[in-house]
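Below is one structure, written out as structure tokens; the observations come after it.
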């Protein structure tokens, strides 16, 4: 999976191998740093990041310069890269998770008007996952998002969801409507019979509480399936 650096990348390597990356950040700002420099700064607290630059280059080569693929790497996969330490792997994993949560917080208080809005709301929460998780969003009467919560997580093939817990959380947050979402790591977004049964049961239960189930969204990497769009909710 490793590949050689291009001739264009080599001068950059020589430059950052001796540069004081922290000083560059202070003088020019974070957007002036290359991806190699950013990784070097994350993985090394010293001013001269020569050793970390070498490790950062190996990391980016490992994932073929694809940051999304890098974010999906497990701790074990990161540790398989030459020069990577456990402390550095944990730090890198935490950085990506922090970025995901920042993006997720930006979605709060938005108004859900269509399934694409729901997809954009949940997308940060499912970013980089290789296992299945189930989230729910609580909305007010204006269909504005009050809160998003993780309800359950499972393995590659599924996760267990309890309708009673969903309704308990919805009542607790005084929600007028809810949207639920889970991901299919396999990227096959066709709903299973269990998905359909859960959606039907959840819709019926919401009606008892005079609450609306707006949508159930199955999340993929860059696409989604909406029960509302398909008319099966």
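Laboratory data are not the source of any read-out in this text; all were calculated from the coordinates shown. Note that this is a predicted model, so its numbers are computed, not measured. All Cβ positions, glycine included, derive from the backbone under ideal geometry; neighbour counts span all protein chains shown.
Once you keep just the Cα pairs under 8 angstrom separated by 6 or more residues, what percentage relative contact order results for the stretch 56-150? Let's see the in-between values first.
Details: 86 pairs, mean separation 21.4, N = 95.
It rounds to 23 percent for the stretch 56-150.
Going out from 0 in 10 Å bins, what whole percent of all Cα-Cα distances in the stretch 108-226 drops into each bin?
Reading upward from the zero bin: 14, 51, 32, 3.
If r is the Cβ-Cβ distance from residue 77 to residue 169 and R0 is 35 Å, what FRET efficiency results, to the nearest 0.05?
According to the calculation, E is roughly 0.55.
Find how much the distance from residue 141 to residue 153 grows on full extension, using 0.36 nm per residue of separation minus their present alpha carbon separation; answer in nm with one decimal.
Full-extension gain reported as 1.5 nm.
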